[in-house]
Amino acid sequence: MAYFPFSERRDTFAFTCTHILDGEGEIRLVTHHFDDGSYEFLCGEEGHEAAHAVIITIGELLDLDPSIGLVSDLPVGCCAVRKDKSSPWEFSKLADEQWYPASQGRMP
C-alpha cells in the first residue's frame with residue numbers, strides 16, 4: 001500500500017468542488033472543521049454554488065494532488081491556504097471555531 005500521511009483513513013470522505021475534479025482549479029484552501037472533524041479541499045475561488053459541491057475520499061484527493069500531504073497534520077479548527085500549487089501553505093485558525101493548539105510556530 002502506498003504511503004498515506006493523514007491520520008484519518010484513506011476512505012474518509014471530504015468535501016471538494018467540481019473545479020478540482022475537472023482540472024479547472026487546483027487545491028488552494030484546506031479546512032479541518034472542529035465540530036465534526038470534516039475536511040474541505042477547495043480551489044479558493046468565490047461564487048461556488050451547491051452544484052459545485054462534491055464528496056470524495058481523502059485518498060482520491062491525495063492521488064489527484066500529492067502536495068496536500070503537506071497539510072495532513074492540520075489541526076481541527078484550522079485552515080491552510082496557498083496562492084497556487086507551487087506556493088507554500090500558510091496556516092491559520094478558522095474564525096468562529098474552536099481549535100486545538102498546534103505545534104509551536106505553525107499557527108499565529
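The values are calculated or read from the model by the stated rules, or taken from the named source; none is laboratory data. In this text the structure is predicted, and so the values were computed from the model without any measurement. Cβ: placed from backbone, ideal geometry, glycine included. Neighbour counts: every protein chain shown. Surface areas here come from the heavy atoms of the whole protein model, side chains and all, with no ligands, DNA or RNA. Shrake-Rupley method; radii C 1.70, N 1.55, O 1.52, S 1.80 Å.
Suppose we filter 72, 92 for residues that are without any contact (Cβ under 8 Å) to a residue 60 or more places away in the chain, within 13 Å of the chain's Cα centre (by Cα), farther than 16 Å from residue 26 by Cα and open to solvent by less than 50 Å² (accessible area, probe 1.4 Å); which single one remains?
92
I need the full set of residues from region 3-36 which are aliphatic (A, V, I, L, M) and touching a helix residue (DSSP H, G or I) at 6+ places or on another chain (Cβ under 8 Å), in order please.
14, 20, 21, 27, 30
Return yes or no: is residue 52 modelled with pLDDT under 95, surrounded by 14 or more Cβ atoms within 10 Å (Cβ to Cβ) and within 21 Å of residue 89 (Cα to Cα)?
Here the answer is no, as residue 52 does not meet what is asked.
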